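To keep things clear, I will list the structure first and then write my remarks on it.
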Amino acid sequence: DELTEQMMDDLYDGLKDEIEESVRILLERKWTPYDILTKALVSGMQIVGDDFRDGILFVPEVLRAAQAMKGGMAILKPLLVETGAPKMGKMVIGTVKGDIHDIGKNLVAMMMEGAGFEIIDLGINTEAASYIGTAEAEGADIIGMSALLTTTMPYMKTVIESLTTQGLRDKYIVLCGGAPLNEEFGRAIGADAYCDDAAIAVETAKRLIA
Ligand code: B1M
C-alpha cells in the first residue's frame, strides 16, 4: 500500500503532522485501529530500530520518530478504548527502573483498556516499591512490566523477588514483555507469562484471570 509506505518514510523522518494526517486517512478508508497500529506504525518503528542499531540514526532522530508515533497513537487511543467491553480486572503497568522506553507499554495499556481492563499506568523508570505499593493500594489483579534494554530486563526479577519476600507473589498475575525478552526469560524470572505483543498480552490476561 502506497500510503503505509509513505507513513514508514514519514515516521523515519519524524514527521508527526504527516503521520497524524495519514492515520486519519486510513481511518476514513475503514482500516481498523489495530491494523493501523501494527501494519503502519509498529512496522515503521521496526525500521527505525534497525537503523538505530546500525548507527545510521541517532537518539534525536529516534526521539522524533517516537513523538510522531505517539501522535498517531493518540488518535487511535479513544477508538481502541471505547469498546464497551465488560469489565475484566485491574492492571498496574510500567516500564521498569532505568528504562525510559514507553511506546510498547503504552500500546499494551491501550489495548488492555480496550479489552475492558482498568489500567493504572505507572509510567517509565518504575521501582519495585511502586509496582507493588500501587497494586496493593488499588487492589489490582495484574502487574505488567515492560523493558526494552538488556540492561534493565533483569530488574523484573527484582520486582518478582520483592513480591515473594513480602508474601504477595501468588496474589498477582505477573506479565512481562518487551523486545529483548522471550518465553524462556519469562519463565526464568518466575513471571506468569511473557507476552510477545499487545494482542497476546490481552489474550494472556483474559486467559489467566478467568
Ligand atoms: Co532505544 N533502544 N535506547 N530509544 N529504542 C532500543 C530498545 C534498541 C533495541 C535499539 C537498537 O539498538 N536496535 C537498543 C537496546 C539494545 C539492547 O538493550 N540490547 C536501544 C538503546 C541502546 C537505547 C539507548 C541506551 C540509546 C542511548 O542512549 N545510547 C537509550 C536508553 C535510554 C533508557 O531507557 N535509559 C535509548 C533511548 C531511546 C529513545 C528515547 C530515543 C526512544 C524511546 C522513546 C519512547 O519510548 N518514548 C528509543 C526507541 C524508540 C527505540 C526503538 C527504536 C523502538 C522501541 C519501540 O518503541 N518500539 C528500539 C528498537 C527496537 O525495539 N527495534 C530501541 C515499538 C514498540 C511498539 O515495540 O516496545 O517492543 P515494543 O513493544 C511491543 C512488544 O515488545 C510488547 O508489546 C508491544 C506492542 O506489540 N511489549 C509488552 C512491550 N512491553 C510490554 C509489556 C507487557 C506485554 C507486552 O506487559 C504485560
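No value in this document is a laboratory result; all are computed from the given coordinates. Remember, predicted model here, so these are calculated numbers, not experimental data. Counting neighbours? That spans all protein chains shown, and the Cβs are built from the backbone with ideal geometry, glycine included.
Annotations
- Phe117 long-range amide H proximity, modeled H, under 5 Å: Met88
- Prolate/oblate/rounded label for the stretch 152-210 (Cα gyration tensor, a/c 1.5): oblate
- From the largest down, the chain spans 53, 42, 26 angstrom on the principal axes of its Cα atoms.
- Descending principal axes extents, the stretch 107-167, alpha-carbon based, whole Å: 31, 28, 14
- Remark: the Cα gyration tensor places the stretch 34-85 in the prolate category, a/c being 1.5 or greater and a/b exceeding b/c.
- Between helix 16-28 and the chain there is an angle of about 90 degrees, using the helix long axis and the longest principal axis of the Cα atoms.
- C-alpha long axis of helix 43-53 to longest principal axis of the chain, angle in °: 80
- Estimated dipole of the stretch 1-142 in Debye, rounded to 20 [Cβ of Lys and Arg +1, of Asp and Glu -1, Cα centre]: 420
- Close amide H partners of Thr126, meaning residues 5 or more places away or on another chain with modelled amide H under 5 Å apart, are Thr95, Val96, Lys97, Gly98, Asp99.
- Our helix-only sum for the chain, with -39,500 (n - 2.57) per DSSP H run of n ≥ 4 divided by its residues, gives a mean residue ellipticity at 222 nm of -16500 deg cm²/dmol.
- Cross-link pairs beyond the 24 Å C-alpha cut-off, checked among Lys39/Lys97; Lys16/Lys206; Lys105/Lys171; Lys97/Lys171; Lys171/Lys206: Lys39/Lys97; Lys16/Lys206
- With Cα atoms defining each centre, the stretch 93-135 and the stretch 1-77 are spaced 22 Å apart in the structure.
- Percentage of interatomic Cα-Cα distances in the stretch 44-167 larger than 25 Å: 32
- C-alpha long axis of helix 59-81 to longest principal axis of the chain, angle in °: 80
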